[in-house]
1. Quick one: what pairs do we get from segment 156-185, first residue over 20 Å from Leu99 (Cα atoms), second at pLDDT 95 or above and assigned to a loop (DSSP other than H, G, I, E, B), C-beta under 7 Å, 6+ apart or different chains?
2. Here are some residues: Ala318, Ala273, Ala268. Which one is within 16 Å of ligand 2 (Cβ to nearest atom), open to solvent by less than 30 Å² (accessible area, probe 1.4 Å), touching a helix residue (DSSP H, G or I) at 6+ places or on another chain (Cβ under 8 Å) and at pLDDT 95 or above?
3. Which number in (1) open to solvent by 40 Å² or more (accessible area, probe 1.4 Å); (2) within 19 Å of Ser488 (Cβ to Cβ); (3) not aromatic (Phe, Trp, Tyr) marks the one condition that Lys6 misses?
4. Residue pairs, Cβ under 6 Å, 6 or more apart or interchain, first in segment 363-377 and of a type in the set (A, V, I, L, M), second more than 11 Å from ligand 1 (Cβ to nearest atom). List them.
5. State all residues of segment 488-535 that are more than 21 Å from Tyr446 (Cα to Cα), at pLDDT 95 or above and part of a loop (DSSP other than H, G, I, E, B); if no residue qualifies, say none.
6. Just to be sure I understand the filter: pairs with C-beta atoms under 6 Å, separated by 6 or more residues or on different chains, first member in segment 297-314 and of a type in the set (Gly, Ala, Ser), second member part of a helix (DSSP H, G or I) and surrounded by 21 or more Cβ atoms within 10 Å (Cβ to Cβ). Which pairs pass?
7. Of all residues in segment 1-21, which are farther than 15 Å from Ile69 by Cα, more than 16 Å from ligand 2 (Cβ to nearest atom) and of a type in the set (D, E, K, R)?
8. Out of Ala220, Ala261, Ala230, which single residue is among the small types (Gly, Ala, Ser), assigned to a helix (DSSP H, G or I) and touching a strand residue (DSSP E or B) at 6+ places or on another chain (Cβ under 8 Å)?
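The values are calculated or read from the model by the stated rules, or taken from the named source; none is laboratory data. A quick note: this is a predicted structure, and the numbers were derived from the prediction, not measured. Note that each Cβ is placed from the backbone with ideal geometry, even for glycine, and that neighbours are counted across all protein chains shown. We work out accessible area using only protein heavy atoms, side chains counted, and drop any ligands, DNA or RNA first. Shrake-Rupley method; radii C 1.70, N 1.55, O 1.52, S 1.80 Å.
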Amino acid sequence: MIKTVKTSPYNDQKMGTAGLRRKSKVVMQPNYVENFMQSIFNTIGSLNGKTFLLGGDGRFYNDIAIQKIIKMAAANGVSKLIIGQNGYVSTPAGSRIILKNKLNGGFVLSASHNPGGINGDFGIKYANETGGQIPSAVSDRIYQETQKISEYKIFETDDIKLDKIGRQKLGDMEIEIIDPLNDYVEMMENIFDFSALKKLFKSGFTMKFDAMNAVTGPYAVRIFEDILGAAKGSVINAKPLPDFGGLHPDPNLLYAKELLAIMNADNAPDFGAANDGDGDRNMILGKKFFVSPSDSLAILTDYYPIIPAYKNGIFGVAKSAATSTAVSRVAKAHDIGYYEVPTGWKYFVNLMDSNRITICGEESFGTGSSHIREKDGIWAVLFWLSIIAETGMSVEEIALDHWKKYGRSYYLRYDFDGLDTKAADSLMADLENKLPTLVGNHYGEYKITQARPFVYNDPVDHSSTKNGLIINFENGSRIVYRLSGTGSSGATLRVYLENYNRTDLKEDPHEMLEDLLEIAMEIAEITARTGKQHADVIT
Ligand code: VG1
Ligand code: CO
């Protein structure tokens, strides 16, 4: 019943910032998923005695890819698969399941915040026994394997039913279908003070959570409505749909339009939040108020002592280099460890495993802690609700209070999408070459004090990673340039701007960053090299 099938390599199976991400139609090519999975299995080596998690965010092609992976796992000698009921598991819940059950790793089928459907994207995130996504050294080895693959093994059988919780067998492999919510919900109950949150909702506090027709709907309904007592209907777009109902499941000011309209209305609820496709990103809103993710990381860190799981102290905090420096001021005030890593959650894993950090975050709507090894959308929402319950302040008051204490890092990210890959690569290469000549230059009141590539030397595994270019100015402002590693076609240039201000706290970030944007465009010759006068997306 085990068949060996001849195949030939695809040359594009290189993982990016977070797994393999391609257009659905690319992934649907014959043997595409099979080649990739066999390359992973070959790289791991012996699978005897190994157990993996399998699930996804429910997007188009999940059902088909899951069946392929089950049959291949059985044929390759995997001992056991733990699968989320009906194939669902969010990225954070997956990490929890791997850690709690001491699994050897897991596969979450998701292209995260990228749109789904036959014309959208599909993806595979691969985590190892740390509960976090594999380091680059391992994904490089898998990529090499994809370049020489010539056959794969698959079990010939009918599709496996995933709708009933329980155990079954496929050949020698055991399959256990689990409720993907249980372990996750239990973990949240152990981190936060649920009775304080229940009291908050009992007092009439209102919220809207937008699950964007993606995987967090069932998690959010159970936690916010069923357990904490938020009004029925507090979770919108709660049913996971293969094409996300046409939504782009990216929780930001551009794509979470429905939630934004609700939060900007005169009768807005007290609190608003959204998660992305696979539940690891979060956006936090108050009444007519948006919390920038970099500020959110700083604010959560500042309030760690009020959370039961952190009240005895935290090891430290980390952010990606592109994220604003707001959290560095909080780390200093609390006298805790502080680290900057390249973009991508996998770089936090060693810091967490070695007890260097507890909380971490990225500007791209990601915050989390060492309870798992992925960012965690619902965790961030529960943390914010806990701060509100404790302080009695509104979201806006909490942010304003923070800026009064620490000053404000005005911050925005400008994305230039759909660029020619060669043009984008040479823009970055030429810019890197000229960085040393820029130091000392004046642009109006802005004087460059430092200009260098960001290089991260991991203190645990001693790997060295170069990611992005950073320009620092005398007045504390920063420009960071880097190319995206999660797109499915062409290149995206991301330009991250930060302008620190101690006294003007309630200005419009777009205005506060106007001059810096002009400088950033000029230094990298963006218009001349890409033809773009303006960014396509600003978040
Ligand atoms: C983007 C974000 C990065 C995030 C990654 C995965 O990567 O910038 O901060 O970790 O997506 O997020 P890039 O390389 O395109 O800038 V998720 O929600 O896809 O797992
Ligand atoms: Co995601």
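1. Pairs found: Ile165/Asp179; Leu170/Thr157; Leu170/Ile160; Met173/Val78; Met173/Ser79.
2. Numbers: Ala318 fails: within 16 Å of ligand 2 (Cβ to nearest atom); Ala268 fails: within 16 Å of ligand 2 (Cβ to nearest atom).
From the options Ala318, Ala273, Ala268, the qualifying one is Ala273.
3. That leaves (2) as the condition not met.
4. Partner pairs satisfying both residue conditions: Ile372/Ser95; Ile372/Arg96; Ile372/Gly131.
5. Correct list: Lys506, Gly531, Lys532, Gln533, His534, Ala535.
6. Final answer for the pair search is Ala298/Ala326; Ala298/Val327; Ala298/Val330.
7. Matches in segment 1-21: Lys6, Asp12, Lys14.
8. On the way: Ala261 fails: touching a strand residue (DSSP E or B) at 6+ places or on another chain (Cβ under 8 Å); Ala230 fails: assigned to a helix (DSSP H, G or I).
From the options Ala220, Ala261, Ala230, the qualifying one is Ala220.
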